[in-house]
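Down below is the structure, laid out as structure tokens.
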Amino acid sequence: MPVDADQIRALCRALPRSTQHWVRDREKFRVGRLVYLTFARDETLIGFGYPRELREGTVAAEPGKFLMPRPSDLRYQWIAARLGALEEQEMTELVTEAWAMCVPKFLVREWFSRPAR
């Protein structure tokens, strides 16, 4: 089953040091000043942190799911995905990996070593 925006919000709120913000009518989640996830205004797409060197291959492999970022965001480690194409487990991995790009490594180790819920 595809994920919805509320599932993503719940995960982002659970991540240590993650905060929710509204910038120009767009919902964003960040750690400190670093944005790791943003919703499109209509909540059909999310943009999130993703290794720059992997994104072209990811988009080419699954163009129905992933999109390149806007041209102005190509300089960032960023990619976009269609919510309707993401399953819960995949979304969890993508969001937590984007968050992990922004926090100290000790928090990443703590998060990934916690007991499964």
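The values are calculated or read from the model by the stated rules, or taken from the named source; none is laboratory data. The structure presented is a predicted model; accordingly, all values stated were derived computationally and were not measured. Backbone-built Cβ (ideal geometry, glycine too); neighbour counts: all protein chains shown. For the accessible areas, the whole protein counts, side chains as well, though only heavy atoms, and no ligand, DNA or RNA atoms are used. Shrake-Rupley method; radii C 1.70, N 1.55, O 1.52, S 1.80 Å.
Could you please report the charge total around PHE66, scoring K, R as +1 and D, E as -1 over all other residues with beta-carbon less than 9 angstrom from its beta-carbon? Intermediate results must be reported in sequence, preceding the final value.
Details: positive: ARG55, LYS65, ARG82; negative: GLU62.
Residues close to PHE66 contribute a combined charge of +2.
What accessible area per residue comes out for the chain, rounded to a whole number of Å², with a 1.4 Å probe?
Values: 7140 Å² over 117 residues.
Using a 1.4 Å probe on heavy atoms only, each residue of the chain averages 61 Å².
With the simple model of a label 7 Å out from the Cα in the direction of the Cβ, ARG114 to LEU54 spans 2.2 nm. To the nearest ten degrees, helix 52-61 and the longest principal axis of the Cα atoms of the chain are 60 degrees apart. Per-residue ellipticity at 222 nm, computed for the chain from helices alone with -39500 (n - 2.57) per DSSP H run of at least four residues, works out to -10500 deg cm²/dmol. Modelled this way, with points 7 Å down the Cα-to-C-beta line, the labels at HIS21 and ASP73 are 1.5 nm from one another.
Shown for the chain: the carbon plus sulfur share of the solvent-accessible area, taken with all protein chains present and a 1.4 angstrom probe, equals 54%.
Subtracting the Cα-Cα distance of ASP4 and GLN89 from 0.36 nm times their residue separation leaves 29.3 nm of extension gain. Looking at the chain as a GNM with Cα springs under 10 Å, which of ARG24, ARG70, ARG55 has the largest mean-square fluctuation? In the Gaussian network model the winner is ARG24. Helix 88-100 and the longest principal axis of the Cα set of the chain meet at an angle near 70°. For the chain, the alpha-carbon radius of gyration amounts to 1.01 times the rule-of-thumb value 2.2 N^0.38 Å expected for a compact globular protein.
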